[in-house]
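What follows is a set of notes on a single structure, which appears directly below.
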Amino acid sequence: MRSVLGDRRALAILLGPALLVYTLAMLVPMVWSLGYTFFKGNVIEGFTFDGFGNFEKLWHDPQAHSALWFTFKYGVVVSVGQVLAGYLLALLYVFVLRRSSALIRTLVFFPVILPTVAVALMFQKLFAVAPQNGLANTAIEALGIHHGDWFASGAGAFMVLVVMDVWRSMGFYGVLIYAGLLDIPEETIESARMDGATGLRLVRHIVLPLSWPVVLSSVVFSINGTLKVFDSVLALTNGGPGSDTTPLTLYMFRTAFSYGDYGYGSTIASLLTVVCLGVTLIIFRFSRRDLTKG
């Protein structure tokens with residue numbers, strides 16, 4: 001192994017194809033998109049140099065501000081829901097169901113592989129009010145709570161969107177965190193129980209600190225996915241009502257491809273890239289806290 005790692009020709013042969021594909025598929029489009037931010041126009045009408053005009057437009061664009069706020073709100077709420085639900089499922093698998101959890105893990109994981117459009121259509125039917133009440137509305141009304149059209153208001157559409165995406169993804173994060181919990185030595189758990197740590201105390205002081213690396217990975221994976229949400233919103237609400245559930249990705253898509261403004265669309269994409277990078281750095285900064293204290 002050391003001889004291979006010390007051979008520059010072997011490294012070039014092994015890593016060269018992967019680096020070439022990464023450069024062509026990732027780095028070149030990123031640099032190209034960044035270059036578009038200084039122009040306005042499209043491939044049909046042509047491009048004209050605009051300097052920092054797109055950035056100034058972004059600074060004063062209320063629709064961009066609304067899309068940014070929705071993106072942050074959606075990202076935080078859904079990421080917390082996904083990771084928290086996944087962690088609770090992982091605890092259920094490890095400490096309650098144990099070896100008999102295989103069937104439950106499979107059933108809970110099943111929504112992950114379903115097409116987004118199919119899941120969105122199912123939730124539209126579940127929360128429908130016309131031509132007849134969906135199953136969710138029927139169950140809510142059975143509890144004496146009456147709710148109108150969920151998709152007629154931004155708050156209602158947001159709630160349905162959050163429920164749908166948490167339900168879809170919690171099985172994935174449950175399995176991911178479950179794999180991390182399995183790496184905790186059984187002797188450590190037994191020693192903590194002998195010292196009187198049970199229930200929430202065991203989870204808070206033993207299980208959570210030891211599983212923190214996989215939880216952190218789940219949070220980073222989740223927040224970067226939710227900040228770039230596109231297909232769920234497009235299939236369920238199409239950004240409506242109005243633009244109340246329009247994230248930056250959908251606003252970028254419409255700006256660039258529906259309105260033909262590649263430069264401003266690329267500027268929105270650059271903003272989203274900066275947001276994802278900044279949130280990830282903040283999470284890693286927070287992760288340095290010692291969870292075993294307090």
- Item | Considering residues of region 192-221 that are at pLDDT 90 or above and among the small types (G, A, S) only, the residue farthest from the chain's Cα centre (by Cα) | S211
- Item | Meets criteria (under 27 Å from the mean Cα position of the chain (by Cα) and of a type in the set (G, A, S)) for A179 | yes
- Extreme residue, modelled with the lowest pLDDT, among residues of region 139-154 that are within 17 Å of D244 (Cα to Cα) and part of a loop (DSSP other than H, G, I, E, B): D149
- Item | Unmet criterion (only one of (1) open to solvent by 80 Å² or more (accessible area, probe 1.4 Å); (2) out of contact with any Ser or Thr (no Cβ under 8 Å at 6 or more places or on another chain); (3) not acidic (D, E)) for P185 | (1)
- Task: Name the residue, out of A136, A157, that is crowded, with 17+ Cβ neighbours inside 10 Å, in contact with an Asp or Glu (Cβ under 7 Å, 6 or more places away or on another chain) and in a helix (DSSP H, G or I).
- Result: A157
- Starting from region 113-138, keep only residues that are hydroxyl-bearing (S, T, Y), then list their pairs with residues that are not in a loop (DSSP other than H, G, I, E, B) whose Cβ atoms are within a distance under 6 Å, requiring at least 6 positions of separation or different chains. T116/D231; T116/S232; T116/A235
- Message: Go through region 237-279 and report how many residues are surrounded by 18 or more Cβ atoms within 10 Å (Cβ to Cβ), more than 16 Å from the chain's Cα centre (by Cα) and hydroxyl-bearing (S, T, Y).
- Response: 8
- Query: Looking at region 40-116, what helices (runs of 4 or more DSSP H) fall wholly within it and have at least 3 residues that are open to solvent by 20 Å² or more (accessible area, probe 1.4 Å) and more than 30 Å from T198 (Cα to Cα)?
  - Reply: 53-60, 62-91
- Message: Residues that are free of Cβ contacts under 8 Å to residues at least 12 places away in the same chain, farther than 19 Å from V274 by Cα and among the charged types (D, E, K, R): does region 9-24 have at least one?
- Response: yes
- Task: For S79, work out the one condition from (1) polar (S, T, N, Q); (2) out of contact with any Asp or Glu (no Cβ under 8 Å at 6 or more places or on another chain); (3) at pLDDT below 90 it doesn't fulfil.
- Result: (3)
- Selection within region 117-133 - among the polar types (S, T, N, Q) and open to solvent by less than 50 Å² (accessible area, probe 1.4 Å): none
- Note on the structure: From the option list G180, G240, single residue qualifying as in contact (Cβ under 8 Å) with a residue 12 or more places away in the chain and closer than 23 Å to I104 by Cβ is G180
- Which condition number in (1) at pLDDT 85 or above; (2) assigned to a helix (DSSP H, G or I) is the one that A128 fails? (2)
- Conditions (1) within 24 Å of G240 (Cβ to Cβ); (2) among the hydroxyl-bearing types (S, T, Y); (3) in contact with a Phe, Trp or Tyr (Cβ under 9 Å, 6 or more places away or on another chain): number failed by T116: (3)
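The values are calculated or read from the model by the stated rules, or taken from the named source; none is laboratory data. Keep in mind it's a predicted model, so treat the numbers as computed, not measured. Cβ: placed from backbone, ideal geometry, glycine included. Neighbour counts: every protein chain shown. These accessible areas exclude ligands, DNA and RNA; they are computed on the full protein's heavy atoms, side chains included. Shrake-Rupley method; radii C 1.70, N 1.55, O 1.52, S 1.80 Å.
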